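Every read-out reported here was derived from the displayed coordinates using simple, explicitly stated rules and does not represent laboratory data. What you see is a predicted model, and the numbers here were worked out from it, not measured in a lab. Here the Cβ positions follow ideal geometry from the backbone for every residue, glycine too, while neighbour counts run over all protein chains shown.
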Amino acid sequence: MQDEDLKWKTLSSEYLFKDTWLTARKDRCERSDGKIVDPYYVMEYPEWVNAVAITKDNKILMVKQYRHAIGDVSIETPGGCVDPTDATFEDAVRRELLEETGYSFETVHSLGRISANPSTNSNWMHMFIALGGHKIQEQNLDENEQIEILELSLEELMQLVDEKRIIQAMHVSTIFYAMRYLNKVNYTL
């Protein structure tokens with residue numbers, strides 16, 4: 001079966017809720033075999049960016065903040081939503097890094113994109129590795145952000161991963177892709 005044979009056609013969409021960070025819609029779809037799928041709910045979010053951010057002295061910057069949906073504090077890679085004013089995903093991640101950490105980076109490399117949940121979420125997480133970071137300002141946080149910056153060695157970061165203390169699955173994925181980029185992950189059978 002070809003990929004095109006698996007794609008659905010959207011017959012209609014109805015928006016149920018629209019707000020800054022969340023839009024919910026109900027679609028009526030037709031599969032390639034003619035079966036109608038109705039309703040199919042889709043959550044629309046802005047595109048997201050995040051990065052494994054490494055300073056000039058080889059410290060990895062992580063952020064610690066309260067996450068209300070789970071009622072707990074989370075250790076994460078820096079990042080956030082792409083703003084309409086961001087010309088590119090790289091611009092977005094550079095802006096987020098500067099706002100959340102106060103650091104600017106010499107180089108930023110794309111690691112690709114992943115989806116938090118492709119069955120219900122319409123957006124992508126764009127992953128990056130940022131190298132050569134140096135502090136140029138204090139944090140410039142959004143109104144509801146309260147973020148502690150952590151400066152970790154590679155060993156400390158990997159210990160957090162091993163201890164399952166980094167709970168944001170998409171950030172763990174970014175860490176994995178960054179470690180592959182840095183040739184820190186090897187496969188043996």
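A few points about this structure:
- Zone residues, region 25-53, relative to W8, backbone N less than 16 Å from point 7 Å out along Cα-to-Cβ: 25-44
- Put a plus charge on the Cβ of each Lys and Arg, a minus charge on the Cβ of each Asp and Glu, and nothing anywhere else: the dipole of region 3-44 about its Cα centre is then about 160 debye.
- Exposure proxy ranking, count of Cβ atoms within 10 Å, fewest first, for W124, W8, W21: W21, W8, W124
- In region 48-181, Cα pairs under 8 Å separated by at least six residues give a relative contact order of 33 percent.
- Here the simple spin-label model places points 7 Å from the Cα toward Cβ, and for V37 and V172 these points are separated by 2.6 nm.
- Computed over region 1-115, relative contact order equals 16 percent, with contacts defined as Cα pairs under 8 Å that lie 6+ residues apart.
- Two-decimal log10 I(q)/I(0) for region 44-125, as the Debye equation yields it once each C-alpha is a single scatterer, q = 0.26 Å⁻¹: -1.37
- The residues F176, F17, F89, when put in order of fewest to most other Cβ atoms within 10 Å, stand as F17, F176, F89.
- Working note: Cα atoms of region 2-49, range along each principal axis, descending, whole Å: 36, 26, 10.
- Spin-label proximity, L182 to region 129-143 - amide N less than 19 Å from point 7 Å beyond Cα toward beta carbon: 129-135
- Only helices enter this figure: runs of n ≥ 4 DSSP H residues, each worth -39500 (n - 2.57), summed and divided by the residues of the chain, yield -6000 deg cm²/dmol at 222 nm to the nearest 500.
- Using alpha-carbon coordinates, inclination of helix 89-101 to the longest axis of the chain, degrees: 50 degrees
- Extension gain for the segment T23 to N121, taken as residue separation times 0.36 nm less the Cα-Cα distance, is 34.3 nm to one decimal.
- Ratio Rg/Rh, restricted to region 1-97 and using Cα atoms, in which Rh is the Kirkwood radius: 1.13
- Based on Cα atoms of the chain, Rg over Rh with Rh as the Kirkwood radius reads 1.03.
- Restraint check, K7/K35; K135/K164; K59/K135; K18/K64, Cα-Cα greater than 18 Å: K135/K164; K18/K64
- Ranked list, fewest to most other Cβ atoms within 10 Å of each Cβ, for Y177, Y66: Y66, Y177
- Length gained when the stretch K56-L189 is fully extended (0.36 nm per residue, less Cα-Cα span): 44.4 nm
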